[in-house]
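Here's the structure we're looking at; comments come further down.
What follows is calculated from the coordinates using simple rules that are stated; it is not laboratory data. If you're wondering where the values come from, they're calculated on a predicted model, not measured in any experiment. Neighbour counts run over all protein chains shown; Cβ positions are idealised from the backbone, glycine included.
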């Protein structure tokens, strides 16, 4: 399904929060949405690797990587696993790598920047918690909508029919 964040902002201005425009698209799908699953980790992708193995149908993984641009939290292996398990997308307050390969993944991926250096595979961090970045607080089970224009957040699913 295609989502238009501009139209959603027009229709639901009082119900949504707009994420600061600091993210770039890296995945093969530019428009995606779903129920939020949160993870907070810094330069360690072990928890991310565990989460993307779960059924992600209707869900978006939102990663608070502390805004690090020194180590990539998303690589081709993480992205392929997430896509094969039905995740709608990943939004990463951090970095990605394998950019050319990520464009071929049938899933939305937004992150700050790309860097070739990978993160540690340790499982250090927290899941299913409130996270705060880009001017918003993101809670587990919130609903997030993303396209080339931006990212918006809602506590409830928006009726887009």
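Residues that are surrounded by 18 or more Cβ atoms within 10 Å (Cβ to Cβ), under 15 Å from the mean Cα position of the chain (by Cα) and closer than 24 Å to residue 155 by Cβ: does segment 8-16 have at least one?
Scanning segment 8-16, I find no residue that is surrounded by 18 or more Cβ atoms within 10 Å (Cβ to Cβ), under 15 Å from the mean Cα position of the chain (by Cα) and closer than 24 Å to residue 155 by Cβ, so the answer is no.
Hey, any hits in segment 10-21 for a residue that's more than 18 Å from residue 147 (Cβ to Cβ), outside any helix (DSSP H, G or I) and without any contact (Cβ under 8 Å) to a residue 12 or more places away in the chain?
Yes: one or more hits.
Looking only at segment 100-117, count every residue that is in contact (Cβ under 8 Å) with a residue 12 or more places away in the chain, farther than 11 Å from residue 70 by Cα and surrounded by fewer than 19 Cβ atoms within 10 Å (Cβ to Cβ) and tell me the total.
4
Hey, any hits in segment 40-60 for a residue that's under 15 Å from residue 147 (Cα atoms) and buried (at least 16 other Cβ atoms within 10 Å of the Cβ)?
yes
Output the number of residues of segment 65-79 satisfying the condition of being crowded, with 24+ Cβ neighbours inside 10 Å and either out of contact with any helix residue (DSSP H, G or I) (no Cβ under 7 Å at 6 or more places or on another chain) or touching a residue at least 40 places away in the same chain (Cβ under 8 Å) (or both).
Count: 5.
Inspect segment 118-135 for any residue being surrounded by fewer than 16 Cβ atoms within 10 Å (Cβ to Cβ) and without any contact (Cβ under 8 Å) to a residue 40 or more places away in the chain and give the result as yes or no.
no
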